[in-house]
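What follows draws every value from the coordinates through simple rules; no lab data is involved. This is a predicted model, so every value here is computed, not measured. For neighbour counting, all protein chains shown are included, and Cβ atoms are generated from backbone atoms with ideal geometry for every residue, glycine included.
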Ligand SMILES: [Zn+2]
């Protein structure tokens with residue numbers, strides 16, 4: 001759909017806004033016509049698509065939450081079943097997975113999205129790109145990367161996200177120069193090479209495109225994890241942020257300072273805790289309206305992820321807003337005497353202490369509506385004290401929690417559960433306020 005239109009001039013804010021308004025109006029008309037969920041929602045609030053005259057009208061429309069998508073999943077399907085070409089699933093809020101239905105046009109849009117995202121990261125047709133993400137299991141990401149690389153004309157090496165030994169072998173045989181994968185996989189791969197007496201830096205990799213987890217701190221510089229990847233591979237580290245529901249990516253350009261919005265494919269807003277637009281540049285929840293989606297279109301979808309938008313022009317010349325790293329999940333937001341932080345900031349501070357072997361975080365409600373944090377840290381090294389750990393966390397987050405040092409086995413006992421894929425390191429013992437549910 002959008003690929004038939006002339007390209008947006010990313011360096012011209014007026015051109016971006018004009019195109020976005022036209023695409024939004026088109027999308028609202030489509031939602032009203034084709035989506036059972038939104039037709040009913042618009043009727044219930046007395047909204048007609050022609051009521052939207054400027055982009056500033058968008059925040060007046062209702063939000064869509066993850067629970068809406070889970071509970072009314074089938075009502076979001078906006079095409080006849082036989083138009084569906086591909087089915088994706090993502091985890092829902094009810095325990096049942098949520099289905100995202102895609103048409104042929106949606107797959108073309110997905111390809112266009114990744115073409116633009118890879119192009120922003122400097123990938124071109126002479127590159128050999130290893131995809132370290134699954135193309136099966138009804139996941140969207142691996143398929144999207146493959147379709148985007150095909151449009152660019154680059155060589156795709158579909159390694160998947162399985163055992164790092166297998167992926168390492170493919171790197172040795174097929175000599176990619178770009179790796180796409182979650183940072184923890186890319187770090188495990190580097191270690192795999194080292195264990196076999198080979199240096200990851202000598203594998204000819206010049207770019208790492210990191211998915212799924214942030215590689216930058218709030219100030220947009222590389223995080224401890226991002227720096228470790230850069231050092232091991234001696235490659236440029238770039239981040240992306242995307243989800244199955246939004247079917248669109250925010251991709252770092254080669255300047256590496258936040259994920260550029262692809263303005264012909266999505267509108268983005270940042271909202272505060274009351275659901276109002278957050279002041280420019282402030283941290284809040286990321287709300288997205290993907291444009292040009294046919295199968296499972298969404299309006300003002302609350303991602304639950306917390307970040308801030310940077311709107312000053314980028315060094316690359318683009319004037320599209322850039323999304324900073326995801327700081328955490330809305331429901332994991334911690335408030336300690338006026339300071340807001342997320343568990344990830346504490347994990348990041350602990351990553352800098354080599355004597356730390358695992359940790360978990362407990363949060364309790366305090367009498368004055370402030371959260372009380374207790375960080376339990378695994379350590380065998382007598383030179384590390386609870387006071388040193390607390391100071392390090394305070395230096396990074398401006399919050400000094402209670403710190404307890406225990407044997408590393410105590411941490412594994414508490415955090416590793418047989419029914420969970422990842423260790424559980426966050427224990428929320430707060431009394432819940434209903435608006436967070
Ligand atoms: Zn840029």
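Express in % the proportion of alpha carbon pairs of segment 1-159 at distances exceeding 30 Å. Roughly 27 percent, once rounded to a whole number. The order of 129, 424, going from fewest to most other C-beta atoms within 10 Å of their C-beta, is 424, 129. Label-to-label distance, residue 150 versus residue 410, with points set 7 angstrom from Cα along the beta-carbon direction: 5.4 nm.
What is the projected area of the convex hull of the Cα atoms of segment 333-436, averaged over all directions, in nm²?
For segment 333-436, averaging the hull's shadow over all directions gives 7.2 nm².
Computed from the C-beta positions of residue 364 and residue 165 and an R0 of 60 Å, the FRET efficiency is 0.90 to the nearest 0.05.
Where a ≥ b ≥ c are the square roots of the eigenvalues of the C-alpha gyration tensor, would you call the chain rounded, which needs a/c under 1.5, or, failing that, prolate if a/b is larger than b/c, or oblate?
Working: a/c = 1.74, a/b = 1.23, b/c = 1.42.
Here the chain falls in the oblate category.
Is the shape of segment 118-185 rounded, prolate or oblate, going by the alpha carbon gyration tensor and its root eigenvalues a ≥ b ≥ c, with a/c under 1.5 for rounded and a/b larger than b/c for prolate?
Judged from the Cα gyration tensor, segment 118-185 comes out oblate (a/c at least 1.5, b/c at or above a/b).
Here residue 60 and residue 124 are evaluated by their C-beta separation; at R0 = 35 Å the FRET efficiency comes out at 0.25. Of the three principal axes defined by the Cα atoms of segment 122-261, the extents in descending order read 41, 34, 28 Å. Taking only the C-alpha atoms of segment 241-347, the Rg (one decimal) and the largest Cα-Cα distance, Dmax (whole number), read 14.1, 46 Å.
Compute log10 of I(q)/I(0) for segment 1-76 with the Debye formula, placing one identical point scatterer on every Cα and leaving out solvent, at q = 0.15, 0.26, 0.28 Å⁻¹, to two decimals. Taken in order of the listed q values, log10 I(q)/I(0) reads -0.63, -1.22, -1.30.
The Kirkwood radius of segment 62-118, taken over pairs of alpha-carbon atoms, gives through the Stokes-Einstein law at 4 °C and 1.567 mPa s a diffusion coefficient of 102 µm² s⁻¹.
With both labels modelled 7 Å from their Cα along Cα-to-Cβ, the residue 174 to residue 395 distance reads 4.3 nm.
In terms of other Cβ atoms within 10 Å, 64, 240 run from fewest to most in the order 64, 240.
Label positions at residue 182 and residue 381, each projected 7 Å from the Cα along the C-beta direction, are separated by 2.7 nm.
Separation of segment 304-352 from segment 24-73 is 28 Å, based on Cα centroids. What the Cβ-Cβ distance of residue 417 and residue 351 gives, at R0 = 30 Å and to the nearest 0.05, is a FRET efficiency of 0.85.
Applying 0.36 nm per residue to the separation of residue 374 and residue 71 and subtracting their alpha-carbon distance, the gain on full extension is 105.6 nm.
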